[in-house]
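Report on the following structure.
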Amino acid sequence: MTREETEAAQRRAKQLVRWKVWIQRLWVITAVGVALLVLGVAVLVFLAVISVPPPGSQPTTQPDTKTYTDLGPFAPLALGAMGLGVLLSVVGLVAVGIAAMGYDACVRTTLRLGKEKEAVVDWLASSLAEKDCGDYGTRISILGDFGSTRATTSIIPALEDQNEGIRKKAVDALGKIGDVRAAEPLAKALTDHSLRKEVAHVLDQLGWKPGNDAEAVHYLLAKGEWDRLVTMGEPAVEPLIESLRHQDTSVRKGAAQTLGELGSERAIEPLTRASSDKDEGVRRAAQAALRRIRSR
């Protein structure tokens with residue numbers, strides 16, 4: 001490519017980034033609008049509830065001075081929040097739609113350019129080396145939209161990024177690209193509790209199969225296949241113990257039940273802690289698992 005063609009590709013890549021960034025910002029504006037609308041409705045409902053006299057009280061022609069004086073001003077504020085929320089939501093959604101059409105048109109045009117398309121992908125991929133740029137995750141998403149295997153090796157390091165959002169964007173992009181070279185790095189990411197379900201889904205798309213017991217255990221955990229985890233035996237114990245601290249209630253409950261079926265004494269102490277879990281279902285599962293282990 002000539003120097004002019006290379007510069008044109010860079011300009012197009014930066015244009016794509018700007019479109020994507022604007023879409024993300026407009027979604028934030030829309031979300032703020034929805035939040036204001038919900039807040040306004042909640043305040044009005046609250047005011048309506050407290051204004052209703054309690055059952056059995058005597059009707060009075062005199063208004064409750066405290067209620068109307070102290071809480072009354074909140075009604076117009078709530079209505080104002082609702083109005084602003086509706087405005088921001090509608091304007092935000094319309095703007096998101098316009099920006100999305102602009103972005104899609106830019107992507108479609110680029111895909112028809114042949115060598116310039118490759119130059120755009122290469123520039124975006126090479127720019128991922130600059131992790132400090134504010135639109136690092138945006139560039140990963142754009143590369144996923146292009147679906148070019150030329151970007152695979154540049155996206156893979158993002159699977160280990162400290163930012164959970166970046167890691168999720170990397171998994172999503174690699175899923176869209178569908179390059180089997182990403183299978184091994186993705187398999188390592190199965191230990192990441194925050195996105196192992198997404199990772200397992202992409203690995204299924206790539207036709208990946210576990211190569212050892214450790215990979216099989218983490219894969220089955222991601223899929224929530226508790227019965228198959230029981231058949232794995234001892235290799236499943238430690239990962240299941242770790243899953244007792246998972247943020248998802250259903251995962252903690254499933255891990256407790258499976259540990260009970262496995263019957264390992266190593267799980268007694270972690271299950272004892274889990275028996276004080278904030279969720280009642282998890283507590284019951286942990287307590288039942290402890291009884292099962294101790295009865296053996």
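One residue stands out among those in the stretch 133-155 that are buried (at least 20 other Cβ atoms within 10 Å of the Cβ) and of a type in the set (A, V, I, L, M, F, W, C): the one that is farthest from residue 15 (Cα to Cα), which is 155. Within the stretch 238-292, if we keep just the residues that are β-branched (Val, Ile, Thr) and surrounded by 18 or more Cβ atoms within 10 Å (Cβ to Cβ), the residue that is farthest from the chain's Cα centre (by Cα) turns out to be 258.
List the helices (runs of 4 or more DSSP H) that sit entirely inside the stretch 115-156 and contain at least 2 residues that are among the aromatic types (Phe, Trp, Tyr).
Those helices (runs of 4 or more DSSP H) span 136-146.
If the condition is being in contact (Cβ under 8 Å) with a residue 12 or more places away in the chain and in a loop (DSSP other than H, G, I, E, B), then the stretch 157-171 contributes 161, 163. Hey, among 224, 254, which residue is assigned by TED's automatic domain parsing to the domain that holds residue 282 and either farther than 14 Å from residue 289 by Cβ or of a type in the set (A, V, I, L, M, F, W, C) (or both)? It is 224. Pairs only if they're at least six apart or on different chains, beta carbon under 7 angstrom, first in the stretch 12-33 and within 20 Å of residue 83 (Cβ to Cβ), second surrounded by 20 or more Cβ atoms within 10 Å (Cβ to Cβ); list them, first residue then second. So the pair list comes out as 26/92; 26/99; 29/92; 30/92; 33/85; 33/92.
Would the stretch 179-191 turn up any residue that is among the hydroxyl-bearing types (Ser, Thr, Tyr) and surrounded by 19 or more Cβ atoms within 10 Å (Cβ to Cβ)?
As a first pass, look at the stretch 179-191 and keep what is among the hydroxyl-bearing types (Ser, Thr, Tyr): 191.
Narrowing the set further to residues that are surrounded by 19 or more Cβ atoms within 10 Å (Cβ to Cβ) leaves none.
No.
Just a yes or no: is a residue in the stretch 33-40 modelled with pLDDT of 70 or more, surrounded by 15 or more Cβ atoms within 10 Å (Cβ to Cβ) and within 24 Å of residue 141 (Cβ to Cβ)? Yes, the stretch 33-40 contains a residue that is modelled with pLDDT of 70 or more, surrounded by 15 or more Cβ atoms within 10 Å (Cβ to Cβ) and within 24 Å of residue 141 (Cβ to Cβ).
Taking helices (runs of 4 or more DSSP H) as the structural unit, those lying wholly within the stretch 172-242 and holding at least 3 residues that are on the phi < 0 side of the Ramachandran plot and of a type in the set (Gly, Ala, Ser) correspond to 213-223.
Go through the residues of the stretch 195-211 one by one and say whether even a single one is more than 22 Å from the chain's Cα centre (by Cα) and buried (at least 18 other Cβ atoms within 10 Å of the Cβ). Yes, the stretch 195-211 has at least one match.
The values are calculated or read from the model by the stated rules, or taken from the named source; none is laboratory data. Everything numeric in this text was worked out from a predicted model, so none of it was measured. All Cβ positions, even for glycine, are placed from backbone atoms using ideal geometry, and neighbour counts span all protein chains on display.
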